[in-house]
Amino acid sequence: MIRDITIGQYYQTKSVIHRLDPRVKLLGTLLFIIALFTYNNPVGYIIGIIFLCTVIKLSHVPFKFITKGLKGIILILCFTVLINLFLTPGTPIIAFWKITITYEGLAVAFSMILRLTMLIMGSSIVTLTTTPNNLTDGLEKGMGFMKIFRVPVGDVAMMMSIALRFIPILLEETDRIMKAQLARGADFESGNIVKKAKALVPVLVPLFVSAFRRAGDLAMAMEARCYRGGDGRTKMKPLVYKKRDAIAYIILFTFVIVSIWLGRWSVITDFFRSIYMNLFGCPL
Amino acid sequence: MSMDIVKTDNLVFEYIRRDDEGNPVDVTTALDHVNIDVKQGEFVGILGHNGSGKSTFAKHLNAILYPTDGTVIVNGMNTTDDDKLWDVRSSAGMVFQNPDNQIIGQVVEEDVGFGPENLGVPTKEIWSRVEESLRAVGMLEYRLKSPSRLSGGQKQRVSIAGVLAMHPKCIILDEPTAMLDPSGRKEVVRAIRGLNDVEKMTVILITHYMDEVVHADRIFVMDKGKVVMQGTPKEIFSDVPALKALRLDVPGPTRIAWELKQKGIPLPDGILTCEELVREIEKCR
């Protein structure tokens with residue numbers, strides 16, 4: 001049961017998206033998310049959906065894998081929708097008892113659903129098409145500028161990749177400890193939530209102890225292999241931009257600029273109208 | 001005469017337990033005036049029961065622990081010399097007991113590349129080193145596998161390759177087979193012997209399995225922090241009663257030969273392998 005947990009799951013297949021430099025994908029996700037939250041008309045969303053679908057198609061990842069990530073946020077999604085639906089002031093559509101649903105609320109709720117779904121799908125694409133190692137490499141290189149603020153980027157990236165490496169080992173260990181405790185008559189299934197949580201204590205304590213022991217061993221093994229922090233290290237697989245990454249950047253920036261432009265069209269036209277008003281003293 | 005890769009001179013190490021004020025309460029002498037020297041290209045076995053100090057000794061060779069008294073010289077460098085710390089560690093490669101706790105990479109080849117990366121080896125050379133190291137331990141075909149999918153013996157061979165890729169002067173293996181099943185043990189021991197025979201690598205194998213060091217050039221037996229016996233495998237295994245007194249198991253053929261001899265059959269001392277035993281018994285007829 002505990003093995004069902006998938007963190008940063010990677011879907012192995014061959015595609016353009018898989019081969020892209022992780023830095024492109026990371027920056028792409030960031031820009032995509034920013035763009036999403038600037039749209040205020042349907043045109044922006046339509047362009048966003050087209051872009052997202054094209055990327056999904058190119059990645060050769062089955063659609064159901066991408067929607068899997070949505071299951072986790074259904075609760076948050078419902079909550080935001082309800083809050084927005086009932087608490088946005090404006091022109092009422094239906095009103096009964098103390099609850100009023102407004103046109104504005106409906107619009108906000110609908111755009112919230114779109115934004116969050118697209119956000120999750122967009123970021124799942126990155127983890128599904130990038131190996132964890134590649135991802136940390138990308139973060140390390142992409143965050144390289146933080147070094148001037150004395151942030152030990154290399155060390156942090158190393159910690160992340162070790163953490164990822166030990167997830168399956170620790171899950172296996174948890175399974176083993178749980179079985180050992182079950183064999184001694186531990187009961188993890190029955191009782192209310194407090195009782196269940198309490199039942200986990202005899203699992204967590206040995207798990208932590210062994211995790212610390214492992215960490216000590218690993219640190220010693222790393223030192224024995226001359227690990228001395230991120231400085232002065234060379235890379236076996238250094239990240240190098242290829243031609244396709246340049247093309248991807250161009251497509252990405254074009255998408256972001258065009259979609260924000262069109263997605264906020266009314267704002268922009270309003271802006272120019274107001275300038276016109278100020279200049280000539282009459283409406284356009 | 002080839003030079004000493006490792007030389008310890010009256011090495012003493014004490015674990016000191018302190019109370020809250022920092023006053024020593026309990027002193028355990030883990031190493032007691034140990035003198036061990038290893039020459040280039042040698043295969044040295046260090047045997048000992050649990051708590052004999054053999055692992056503590058191993059950690060001194062890699063400057064993980066520092067001597068309380070005496071000196072440890074590795075490849076001409078004193079391990080207490082702070083400036084030489086990383087040189088010591090790169091010339092004395094270390095393989096530990098638990099394979100899961102020493103594999104850092106998520107792919108076999110990336111783990112083997114970890115050591116050279118730390119040493120600042122150029123990318124192109126890392127690749128050639130990774131390839132040659134994996135080939136030396138017979139793991140080349142697994143280079144793209146995830147370490148968690150490998151058996152214990154395979155994982156240990158990857159660990160050995162990871163150390164080899166640093167181009168050390170000698171390899172110290174601290175009970176590399178203690179957590180493996182018999183077939184995994186065989187696999188690892190074969191890989192270690194191959195390194196010594198083919199690559200002429202200096203090997204220091206620390207273990208409590210006698211049969212793993214039958215082919216060693218020299219053996220040191222440790223007990224309670226002291227070196228109690230030293231010599232060639234033949235010399236060491238001739239003295240079955242002494243080994244028994246140290247609670248060490250003698251390899252099967254040696255033991256049978258010894259028992260037979262006690263019963264009056266004229267066999268020579270220090271029979272190490274089955275073939276040898278068979279040959280000697282044939283001679284007796």
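Structure data summary
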{"item": "Of residues in the stretch A:13-40 being touching a Ser or Thr at 6+ places or on another chain (Cβ under 6 Å) and surrounded by fewer than 21 Cβ atoms within 10 Å (Cβ to Cβ), the one nearest to A:Tyr249 (Cα to Cα)", "result": "A:Thr29"}
{"item": "Qualifying residue in the stretch A:83-106 (condition: more than 14 Å from chain B (Cβ to nearest Cβ), in contact with a Pro (Cβ under 9 Å, 6 or more places away or on another chain), of a type in the set (S, T, N, Q) and surrounded by 15 or more Cβ atoms within 10 Å (Cβ to Cβ))", "result": "yes"}
{"item": "Selection status of A:Ala186, in a helix (DSSP H, G or I), more than 27 Å from A:Leu135 (Cβ to Cβ) and at pLDDT below 90", "result": "no"}
{"item": "Residue satisfying all of: in the stretch A:52-75; in contact (Cβ under 8 Å) with a residue 60 or more places away in the chain and within 16 Å of A:Gln12 (Cβ to Cβ); surrounded by the fewest Cβ atoms within 10 Å (Cβ to Cβ) among these", "result": "A:Phe65"}
{"item": "Subset of the stretch B:164-182 (residues that are assigned to a helix (DSSP H, G or I) and surrounded by 24 or more Cβ atoms within 10 Å (Cβ to Cβ))", "result": "B:Leu164"}
{"item": "Neighbours by Cβ (under 8 Å, 6+ apart or cross-chain): first from the stretch B:273-285, of a type in the set (Asp, Glu); second part of a helix (DSSP H, G or I)", "result": "B:Glu276/B:Pro253; B:Glu280/B:Ala257"}
{"item": "Meets criteria (touching a Phe, Trp or Tyr at 6+ places or on another chain (Cβ under 9 Å) and of a type in the set (Val, Ile, Thr)) for B:Val278", "result": "no"}
{"item": "Among (1) in contact (Cβ under 8 Å) with a residue 60 or more places away in the chain; (2) within 12 Å of chain A (Cβ to nearest Cβ), the one test that B:Gly45 misses", "result": "(2)"}
{"item": "Selected residue (criterion: farthest from B:Glu125 (Cα to Cα)) from residues of the stretch A:221-271 that are among the β-branched types (Val, Ile, Thr) and within 14 Å of chain B (Cβ to nearest Cβ)", "result": "A:Val240"}
{"item": "Total residues in the stretch B:104-128, condition in a helix (DSSP H, G or I), under 27 Å from A:Arg214 (Cβ atoms) and at the interface with chain A (Cβ under 7 Å from one of its Cβ atoms)", "result": "8"}
{"item": "Members of the stretch A:236-284 that are surrounded by 15 or more Cβ atoms within 10 Å (Cβ to Cβ) and within 30 Å of B:Gly93 (Cα to Cα)", "result": "A:Met236, A:Lys237, A:Leu239"}
{"item": "Residue among A:Leu218, A:Leu182, A:Leu207 that alone is away from chain B (no Cβ under 14 Å), surrounded by 16 or more Cβ atoms within 10 Å (Cβ to Cβ) and among the hydrophobic types (A, V, I, L, M, F, W, C)", "result": "A:Leu207"}
{"item": "Residue match in the stretch B:261-277 (condition: surrounded by 14 or more Cβ atoms within 10 Å (Cβ to Cβ) and within 25 Å of B:Gly153 (Cα to Cα))", "result": "yes"}
{"item": "So B:Lys155, is it assigned to a helix (DSSP H, G or I), more than 8 Å from every other protein chain (Cβ to nearest Cβ) and under 25 Å from B:Phe43 (Cβ atoms)", "result": "yes"}
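This table checks each residue for (1) surrounded by 15 or more Cβ atoms within 10 Å (Cβ to Cβ); (2) closer than 21 Å to B:Asn101 by Cβ.
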residue: A:Pro132; (1), (2): yes, yes
residue: A:Met159; (1), (2): no, yes
residue: A:Ala163; (1), (2): no, yes
residue: A:Lys196; (1), (2): no, no
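The values are calculated or read from the model by the stated rules, or taken from the named source; none is laboratory data. All figures in this text were calculated on a predicted structure; none of them were measured in a lab. Virtual Cβ from ideal backbone geometry, glycine too; neighbours counted across all protein chains shown.
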